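Peer 1: My questions will all concern the structure given below.
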Amino acid sequence: MSEQSRSEVTGPGHGKAAAPLRRMTARDRDEEHRAATPLELFFDLVFVVAIAQAGVALVHALAEGHIGHGVSGYAMVFFAIWWAWMNFSWFASAYDTDDVLYRVTTLVQMAGVLILAAGVSRAFDHSEFGVVWFGYVVMRVALISQWLRAGLSAHGEERRTALRYAFGVGVCQVGWLGLLLLPDGAKPWLFLGMAILELMVPMWAERVRETTWHPHHIAERYGLFLIIVLGETILAATAGVRVALDENEALGDLLPIAGGGLLIIFSAWWIYFVVPVHEHLTSNRTAFLWGYGHYLVFGSAAATGAGIEVAIEESIGKAHISTTTAAACVTVPAALYLVTVWLLHARHSKRGIGQAILPATALAVLACTFAGHWAVLLAGVAAALSVVAGVTVSAIQSRTTATNGTA
């Protein structure tokens, strides 16, 4: 791709201003300097609101001792948030024209996300999915129009892929009507079935021809979204400490939780970004597994922040759960994060003893659950030590490789 054509595609901040309308052609998978656009970063920001709403609802449920309801409600609501982000991100990686029509359609999708966020608390607390469903309608109408536009600009198998996406997304949206019509007892089962159907749409649509998503761009988009999730986690934990200090001067009980929480969050960032992952995304088979697995990565990272807030509330007597249960609200999602990140990409760059560091750390973090009020701090120390161990082992292995290479 020439510099001129690349500038015309990438838009503001990357070249020429956006044209009113362009033919929506697929981007080049081997395109150089492919990076997230200002519109994509703006799109990500609206998800901060939705994630925050899900976190608040989870904290309330866990603090009241409604563990089963909290976990199941959070799993459903977070799937809705994550999948909306996924739908846009993978489409944009392949077909971002950055013209006026594309921008307006994306802004409509953002409005749908905000509507979804407004309905999170009702869906979580009362299984009332009307607002969430309508938010999805707004997003899905815009997304289907994008796929139809891509199909009209394409030919052959590429057109059929785009039209299959439009059809599959539309069918799924009709299926979600069951959340409004079925009794509450049937809704979790419908949600599970529809979630599986949603995950199958990309595999069905691209079974003959893959869309031209960009590996480096996709890896960057996921990394940026994780940073947003971790930032929301820090914000939730900070808000919990602030409220606790306003109502209770138990600074000695709060500092270990705050310190341990920060160590967990900082370690989570380090562990995720320690090695580039885009080279592993070589096909739909590996990329879809990696991308779908991030439901657990993002969900557990956000849940860890909610758990820290629950631990703070328990320490000042506002939560109706035991100290061990409050600690588990932090250690369980933190351990899940460590294992999932290891499974998805950290293990691909590890050799020898380095392969065992994250699984062993996950077990250590879980063991900290039973350490009483010191549980969060000890879990944070365990996570930080895993970073130290990983850096040390990598340095030793690199030095050994260099020595053997020159011998």
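Peer 1: Based on the alpha-carbon gyration tensor of segment 318-378, what equivalent-ellipsoid semi-axes (square roots of 5 times the eigenvalues) come out, in whole Å, largest first?
Peer 2: Numbers: eigenvalues 152, 25, 7 Å².
For segment 318-378, the semi-axes come out at 28, 11, 6 Å.
Peer 1: Continuing with the same structure: So what are segment 160-261's ellipsoid semi-axes, whole angstrom, largest first, if each one is the square root of 5 times an eigenvalue of the alpha-carbon gyration tensor? Don't skip to the end; give the middle numbers.
Peer 2: Working: eigenvalues 347, 111, 17 Å².
Over the Cα atoms of segment 160-261, the ellipsoid semi-axes are 42, 24, 9 Å.
Peer 1: Using alpha carbons only, what's the Rg to Rh ratio of segment 64-135 with Rh from Kirkwood? Walk me through the intermediate numbers first.
Peer 2: Working: Rg = 14.9 Å, Rh = 13.5 Å.
Value, to two decimals: 1.10.
Peer 1: Another question, if that's okay. Based on alpha-carbon atoms only, what is the radius of gyration of the chain relative to the globular estimate 2.2 N^0.38 Å? Before the final figure, lay out each step's value.
Peer 2: Working: Rg = 22.4 Å, N = 407, 2.2 N^0.38 = 21.6 Å.
Against the compact-globule rule of thumb, the ratio is 1.04.
Peer 1: If you don't mind, another one. Could you tell me the convex hull volume per residue, in Å³, taken over the Cα atoms of segment 71-206?
Peer 2: On the way: hull volume 12.2 nm³, N = 136.
It comes to 90 Å³ per residue, whole-number rounded.
Peer 1: Any idea what angle helix 357-367 forms with the longest principal axis of the chain, computed on alpha-carbon atoms, 0 to 90 degrees, nearest 10?
Peer 2: Relative to the chain, helix 357-367 is tipped by roughly 50 degrees.
Peer 1: Compute the acute angle (0 to 90°) between the alpha-carbon long axis of helix 187-205 and the principal axis of greatest extent of the alpha-carbon atoms of the chain; round to the nearest 10°.
Peer 2: Tilt relative to the chain: about 50 degrees.
Peer 1: What is the ratio of the Cα radius of gyration of segment 53-92 to 2.2 N^0.38 Å, where N is its residue count, to two decimals? Provide the component values of the computation, followed by the final result.
Peer 2: Numbers: Rg = 12.6 Å, N = 40, 2.2 N^0.38 = 8.9 Å.
For segment 53-92, the normalised Cα radius of gyration is 1.41.
Peer 1: Segment 271-341: Rg/Rh from Cα coordinates, Kirkwood Rh? Display every interim value, and only then the final one.
Peer 2: On the way: Rg = 15.9 Å, Rh = 13.7 Å.
Radius of gyration over Kirkwood radius for segment 271-341 works out to 1.16.
Peer 1: Expressed as an acute angle from 0 to 90° and rounded to the nearest 10, what is the orientation of the C-alpha long axis of helix 100-118 relative to the principal long axis of the chain?
Peer 2: Between the helix axis and the principal axis of the chain, the angle is about 30 degrees.
Peer 1: Suppose a student asked you for the relative contact order of the chain, using Cα pairs under 8 Å spaced at least 6 residues apart; what percent would you report?
Peer 2: Working: 560 pairs, mean separation 68.0, N = 407.
That works out to 17 percent.
Any read-out appearing in this document is the output of simple, stated calculations on the displayed coordinates, not a laboratory observation. Because the structure is predicted, anything quoted here is derived from the model rather than measured.
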